[in-house]
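Read through the structure below, which is laid out as C-alpha cells, and then see the notes.
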Amino acid sequence: MLGAKNVDVSKLTAKYGIVFDSDDPGFLFTKGPSSNHMEYRIHGLESHAGVAPEEGISAIKIAAEGISAMKLGRIDPETTANIGTIEGGMATNIIPNLVVLKGEARSHSEEKLEAQTAHMTKCLEEAAAKYEVTVAGNTTKASVEANVERDYSSMDVPDSSHVVQPVLQAAKRMGLDVKTMASGGGCDANVFNRKGIECANLGTGMRAIHTVKEWLDVKDMYAAAEMTLEIMKLNGELAMK
C-alpha cells in the first residue's frame, strides 16, 4: 500500500474507483479491517553460553515464552493476529541479548484491535518481567520496547454507494452475479477511502494468496477485464445523462 499512502490525491480528479486486489471476480469487497503493525525489541544480557550461561538472559527464550502465551491466528470472526518475523542472536556460544519481533493484528472492530494489540504486548512484558541477573554487583533486568503503529484503517463502503452500484449493474447486464463482501485483508482501497476517494476491491482470480504456491486463473483475469470494460461503459452512459 506504499503507493496509495504516498500519492497526492489532490492531483486526482476522480472521487471514486475500483482496486483490483483479491480473488474471485464474482466478489466485490466493500469492507476491510484496520491493522496495527508491531515491532518489539526484547532486551536480555549477553554472556558466554558455555562458560557462564547463568550470567546471561536469553532474549530468544523470553521471546519464545511471550509468543507461546499469545492468542494468534483467527481470534474471532472479525479479528486476526500474527508474529511474522523474528531476528536475533549472534552465535551459538553467546547468550542472545536482543531479539526483534515484527507482527500485526487486524480487526473490523477498533475495540477488539486495541485489545488484541495490548494482549500481545502484555504477553512479552510478563515474560520479560521474570528474568533478571546480578553480575559483579550489577543487576540487569530483561525488558521489552514496544512500537505500535497504525498500518491502515478500516473501510466500509455501503451497497448504495456510487462505486458499488455501477459494478452490480454492470454484472447484471453481463448476466453475472457479483456479491459484496467483507474481507480480512487490507488493500489500497482502505487507504483511498480514508483520503476521500470512495473505492471498492474487485477480484482478479488470485489463489493461495501470499504463499509460494500463489497462482492466477487466466479465465478469471479475463472476466475481471470484461467486467471493468462494462463498468466503464456504464459509467460513461450515466455521466451523459
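Points worth noting:
- Inter-residue pairs, beta-carbon under 7 Å, first touching a residue at least 12 places away in the same chain (Cβ under 8 Å) and in the stretch 1-29, second of a type in the set (Asp, Glu) and not in a strand (DSSP E or B), 6+ apart: Met1/Asp188; Ala4/Asp188; Val19/Asp188; Asp21/Asp188; Asp24/Asp220; Pro25/Asp220; Gly26/Asp177
- Filtered residue count, the stretch 119-147, keeping only those that are in a strand (DSSP E or B) and among the aliphatic types (A, V, I, L, M): 4
- Unique match (being under 13 Å from Gly32 (Cβ atoms), among the acidic types (Asp, Glu) and either without any contact (Cβ under 8 Å) to a residue 24 or more places away in the chain or loosely packed, with under 14 Cβ neighbours inside 10 Å (or both)) among Asp177, Asp188, Asp156, Asp217: Asp156
- Flag if Glu87 is surrounded by 16 or more Cβ atoms within 10 Å (Cβ to Cβ), in the same structural domain as Glu126 (by TED's automatic domain parsing) and among the acidic types (Asp, Glu): no
- Within the option set Arg74, Arg150, Arg106, being in a strand (DSSP E or B) and surrounded by 20 or more Cβ atoms within 10 Å (Cβ to Cβ) holds for one residue only, Arg106.
- Condition met for Ala136 (within 30 Å of Ser58 (Cα to Cα), modelled with pLDDT under 95 and surrounded by fewer than 16 Cβ atoms within 10 Å (Cβ to Cβ)): yes
Residue-wise test of (1) within 21 Å of the chain's Cα centre (by Cα); (2) closer than 30 Å to Met155 by Cβ; (3) at pLDDT 95 or above.
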{"residue": "Ile18", "(1), (2), (3)": "yes, yes, no"}
{"residue": "Thr30", "(1), (2), (3)": "yes, yes, no"}
{"residue": "Gly44", "(1), (2), (3)": "no, no, yes"}
{"residue": "Gly50", "(1), (2), (3)": "no, no, yes"}
{"residue": "Glu54", "(1), (2), (3)": "no, no, yes"}
{"residue": "Glu78", "(1), (2), (3)": "yes, yes, yes"}
{"residue": "Gly88", "(1), (2), (3)": "no, no, yes"}
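- Counting only strands (runs of 3 or more DSSP E) wholly contained in the stretch 1-67, the ones carrying 2 or more residues that are in the same structural domain as Gly89 (by TED's automatic domain parsing) and over 30 Å from Ala224 (Cβ atoms) occupy 34-43.
- Selection within the stretch 209-241: residues that are charged (D, E, K, R) and closer than 22 Å to Gly186 by Cα. The member of this set that is modelled with the highest pLDDT is Lys213.
- Subset of the stretch 203-226 [over 19 Å from Asp177 (Cα atoms) and either hydroxyl-bearing (Ser, Thr, Tyr) or not assigned by TED's automatic domain parsing to the domain that holds Ala182 (or both)]: Thr211
The values are calculated or read from the model by the stated rules, or taken from the named source; none is laboratory data. No experiment lies behind these values; they were computed from the predicted model shown. Quick reminder, even Gly has a Cβ in these numbers, built from the backbone with ideal geometry, and neighbours come from all protein chains shown.
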